[in-house]
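The values are calculated or read from the model by the stated rules, or taken from the named source; none is laboratory data. What you see is a predicted model; the values in this text were computed from it and never measured. Cβ placement follows ideal geometry from the backbone for every residue including glycine, while neighbour counts extend to all protein chains displayed.
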Amino acid sequence: MHLFLADPDSIPFLADELRRSAPESTQREITDIGILSDAKLEGLHLAFARQTLPDALETTAVSINAWADRIIDAIAGHFPDEQPWRLHLWPQYGEGRAGVNRCELIRASLVERLKKRRRHLLRSLVKEGPSPNLSPKPIGGDNQAWGGERDQRSQQGEPSRHARQHPSPRRESPTEATINFGERLGEGHPNDAPFTPETSLVQCFLTSPESGWLSASLAPQPHSLRDLISPFLRGEVPWAEDKSAPSRAFTKLVESEQRLGRFIDRDQTCVDLGASPGSWSYVAIQRGAHVIAVDRSELREDLMRNPRLRFETADAFKYKPPQTVDWLVCDVIAAPQRSIDLLLEWLREKRMRNFIVTIKFKGHDEYELLETLKRDAPSLCAEFRLKRLSANKNEVCAFGVAK
Ligand SMILES: C[S@@+](CC[C@H](N)C(=O)[O-])C[C@H]1O[C@@H](n2cnc3c(N)ncnc32)[C@H](O)[C@@H]1O
């Protein structure tokens, strides 16, 4: 059985989505955590699942060392020697740092045991300094960041000095790292880098000191199921922050890029449909791209004057680019079917190479419209993702790479 994690408020929508996308499957809700199901994973897209633990086993262990042994038992003789593997280990109980400390001790015990008995496995464990998104998310409990400093990497473009990356949920903490969204998070950072076909993944979370769930996903599964299995711990991407952006909407664009592991780049061309007040265009400009911004309302004044931006007063649904562009980004407020049709039309007409499109909902009755997209988009894409992002409200983002 596979365990699909979801925000507690999304679990009923995930249950409906599973019933629609995998009607033959059985499902059992795990309160506040997600859904356990035997759905076939290949070809499955679940917008409301943040993370997937394939073949998850409910596990008990009486001590820290016993937890370390459980993890070793799950991988020894299973994960190939000398191939990279990652460990996602987190607490999902209690308040304060108790669970965090326990997980840190389990990790330390695991490393010690591997040193003694399985050096080859220790060598191939991807060195993951705790990342800012390791904040524990105890059910109904406190949230404190559990993490260390992230690398400060060289900045591309003309990034704002105010951009920051927060753990999710957003809360200040002394260990929080300051990161500019202009950095290429997800590129090269071992914590969040996209899976390669060689990467295996162990996920283990504790629901109490002595109980939890364990899943070992052998390469190439994490890579081949990358719309279901996230390289981000718990499938949660830290929130970006930039006080200079025209609105907070830019966090959706940045999160989509991070999840995709692709980033709008210098000198690329980008069409931004429904662009006003301009925070998606702002990100693209910061990265050095050339933007055609389409809206009925103008963007913030400084963006309108920016030489990298051309504004077109037009109907987003009628606009056609003069030639194929590197990126379609679209955050238009429209009925969900219109945004879905727009994306499919752009894909069929090969108008863009990469895309990030928000599909907005009113209420909860229309999520089944996403099934059209799941059915029709993958064959038009080299890469297709569909997610309710950490930064999304009642929206889902479709993003990917066109064929
Ligand atoms: C949520 S806002 C976009 C926010 C933008 N992504 C940002 O980060 O600043 C949606 C925009 O879609 C525009 N819009 C809605 N329908 C449109 C249409 N048919 N054609 C062009 N723009 C449209 C609205 O004017 C509005 O500015």
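Taking each residue of segment 201-219 that is touching a residue at least 12 places away in the same chain (Cβ under 8 Å) and outside the structural domain of I71 (by TED's automatic domain parsing) and looking for partners that are assigned to a strand (DSSP E or B) and polar (S, T, N, Q) with beta-carbon atoms closer than 8 Å, six or more apart or interchain, yields nothing.
Please tell me if V294 is in contact with a Phe, Trp or Tyr (Cβ under 7 Å, 6 or more places away or on another chain), within 9 Å of the ligand (Cβ to nearest atom) and touching a residue at least 40 places away in the same chain (Cβ under 8 Å). So V294 fails the test.
Among the residues here, R20 does not qualify as assigned to a strand (DSSP E or B), among the basic types (K, R) and not assigned by TED's automatic domain parsing to the domain that holds S211.
Of all residues in segment 229-261, exactly one satisfies the criterion of being surrounded by fewer than 24 Cβ atoms within 10 Å (Cβ to Cβ), assigned to a helix (DSSP H, G or I) and of a type in the set (K, R), namely R234. For segment 297-330, give me each residue that is in contact (Cβ under 8 Å) with a residue 24 or more places away in the chain, over 18 Å from P277 (Cα atoms) and either more than 9 Å from the ligand (Cβ to nearest atom) or outside the structural domain of S256 (by TED's automatic domain parsing) (or both). Those that are in contact (Cβ under 8 Å) with a residue 24 or more places away in the chain, over 18 Å from P277 (Cα atoms) and either more than 9 Å from the ligand (Cβ to nearest atom) or outside the structural domain of S256 (by TED's automatic domain parsing) (or both): K320, P321, T324, V325, D326, W327. For segment 349-366, the set of residues classified as within 16 Å of I333 (Cα to Cα) and either within 16 Å of the ligand (Cβ to nearest atom) or not assigned by TED's automatic domain parsing to the domain that holds L328 (or both) consists of I356, V357, T358, I359, K360, F361, K362, listed by residue number. When the criteria are applied in full, D365 meets the requirement of being surrounded by fewer than 23 Cβ atoms within 10 Å (Cβ to Cβ), at pLDDT below 95 and out of contact with any helix residue (DSSP H, G or I) (no Cβ under 6 Å at 6 or more places or on another chain). Within segment 367-402, the set of residues being assigned to a strand (DSSP E or B) and more than 21 Å from I333 (Cα to Cα) comprises C381, A382, E383, F384, V401, A402. Considering segment 255-285, the residues that are over 25 Å from E236 (Cβ atoms) and among the polar types (S, T, N, Q) include one that is nearest to the ligand (Cβ to nearest atom), namely S276.
Just name the residue that is surrounded by the most Cβ atoms within 10 Å (Cβ to Cβ) out of those in segment 262-287 that are part of a loop (DSSP other than H, G, I, E, B) and out of contact with any Leu (no Cβ under 9 Å at 6 or more places or on another chain). Among those that are part of a loop (DSSP other than H, G, I, E, B) and out of contact with any Leu (no Cβ under 9 Å at 6 or more places or on another chain), it is R287.
Yes/no per residue for (1) touching a helix residue (DSSP H, G or I) at 6+ places or on another chain (Cβ under 6 Å); (2) among the β-branched types (V, I, T); (3) assigned by TED's automatic domain parsing to the domain that holds K374:
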| residue | (1), (2), (3) |
| --- | --- |
| S37 | yes, no, no |
| D55 | no, no, no |
| S63 | no, no, no |
| I106 | yes, yes, no |
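For segment 316-366, residues that are of a type in the set (K, R), outside any loop (DSSP other than H, G, I, E, B) and within 24 Å of the chain's Cα centre (by Cα) total 2. Being in contact with an Asp or Glu (Cβ under 6 Å, 6 or more places away or on another chain), assigned by TED's automatic domain parsing to the domain that holds A334 and aromatic (F, W, Y) is a property that does not hold for F232. If you go through segment 204-224 and keep only what is outside any helix (DSSP H, G or I), of a type outside the set (S, T, N, Q) and either touching a strand residue (DSSP E or B) at 6+ places or on another chain (Cβ under 7 Å) or on the phi > 0 side of the Ramachandran plot (or both), you end up with C204, F205, L206, E210, G212, W213, L214, A216, L218, A219.
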